[in-house]
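A quick write-up on the structure given underneath.
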Amino acid sequence: MTDQTLSPEATVAAPPAHAIARKPVSDAVAGWLLSLPLAGVLLFFLVLPILMIVVVSFWGATEFSIYPAFQFDNYEFLLTSPVTYQVFFNTVKYALITWAITLVIGFTVAYFLAFHVRSLTWQVVLFLLCTIPFWTSNIIRMISWIPFLGRNGIANSTLISMGVIDEPLEWLLFSDFSVILAFVHLYTLFMVVPIFNTMMRIDKSLIEAAYDNGASGFQTLVNVIIPLTKPGIMIGSIFVITLVMGDFITVRFMSGSQKANVGRLISNDIALLQYPSAAATAVILLITVLIVIAILLRFVDIRKEL
């Protein structure tokens, strides 16, 4: 008979087998329980409404009623109408131009606040100063451009008094220019905030190391700052593009109802009680936005930023 003994250290160090088996299970259950409230909120307020829109997009409609059905008439009409492609072209055009302008302005403002303002107090003060226009309604800020850009507005009156022009410029208001100007005014801050947040996380020693190795200011910007700021740029781009593509009230007011985008198309269908057609247009718009976001996410992993 062999005498087998265990040392006190081995006896103390070895936990019961059932405790090892139960711990991961309990952690998994606790994780699921903690995520249930948020999952319920997302299911009720996000997933179910989207599913309802998809279902209604297959329904039929007459001039006086809507009836449940499963047909592709709404999608067939949208995809075969030249008006749809023109409207989507205008939407993408507004989104791309607004994105480019807000990116330049947002990056410049964020760069100035992050690297040229040394005092944290002044950074906060100037950042809050950028947010002052957002203390008022979007519609008020948008409509405020109308008396400024009008035929007899401040801009034309000033240019005429200075002798720059002889007659008022008609394209300042109720045009693509006024629509894009309003978009830039409304959504630039959505580009400034994520870029500024990303720049504040950049280790300043990396920039000093670039200068110590002989890099110029432009080389440091291109090879150090911009690559490290990509997550913020992508987050801001997603914000701006999705907001512009879903906006309809800005296009309506600033174009004088002379231009249209997808949002206005949906709004007009709802006003005419053509809910299935509006739902189908919304589904196509959602797919388009998701494709754009998927393309943007291919360039950078924003989970590191979040």
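Observations, loosely collected:
- Anisotropy class of the range 166-296 from Cα gyration tensor, a/c 1.5 cut: oblate
- Residue-wise HN-Hα couplings along the range 116-123, as the Karplus relation 6.51 cos²θ - 1.76 cosθ + 1.60 with θ = phi - 60° gives them from phi, are 10, 9, 7, 7, 5, 4, 5, 4 Hz; Gly and Pro carry x.
- Of the residues A279, A69, A28, the one that moves most in a GNM of the chain with alpha-carbon contacts below 10 Å is A28.
- Global form of the range 61-196, assessed from the alpha-carbon gyration tensor, a/c cut-off 1.5: oblate
- Placed amide H near G60: partners under 5 Å, 5+ positions off or other chain: Y67, A69
- Ranked by the mean number of other Cβ atoms within 10 Å of their residues, highest first, the peptides 106-115, 187-196 come out as 187-196, 106-115.
- Hz values of 3J(HN,Hα) by residue in the range 164-177 - Karplus curve (6.51, -1.76, 1.60), Gly and Pro given as x: 6, 10, 9, 9, x, 7, 7, 7, 5, 10, 6, 8, 4, 4
- A simple charge model with +1 on the Cβ of Lys and Arg, -1 on the Cβ of Asp and Glu and nothing else charged puts the dipole of the range 102-220 at about 380 debye relative to its Cα centre.
- Dipole of the range 134-225, positive direction: furthest Cα of F183, P194, I154, with charges on the beta-carbon: P194
- Net dipole in debye of the chain [+1 Lys, Arg Cβ; -1 Asp, Glu Cβ; about Cα centre; nearest 20]: 300
- Neighbour-count order for Y94, Y275, fewest beta carbons within 10 angstrom listed first: Y275, Y94
- For the chain: rounded, prolate or oblate by the Cα gyration tensor [a/c cutoff 1.5]: oblate
- Whole-Å distance, taken between Cα centres, linking the range 142-158 and the range 72-126: 24
- Count, lysine Cα pairs under 28 Å in the range 83-304, 8 or more residues apart or across chains: 5
- Leading residue at positive end of dipole, the chain (Cβ point charges), from M245, F218, I270: F218
- Estimated FRET transfer efficiency when R0 is 22 angstrom, pair S257-I53 (beta carbons, to 0.05): 0.30
Since every read-out is calculated from the coordinates, none of them should be taken as a lab result. Not measured: the values here are computed from a predicted model. We place every Cβ from the backbone using ideal geometry, glycine too, and count neighbours over all the protein chains shown.
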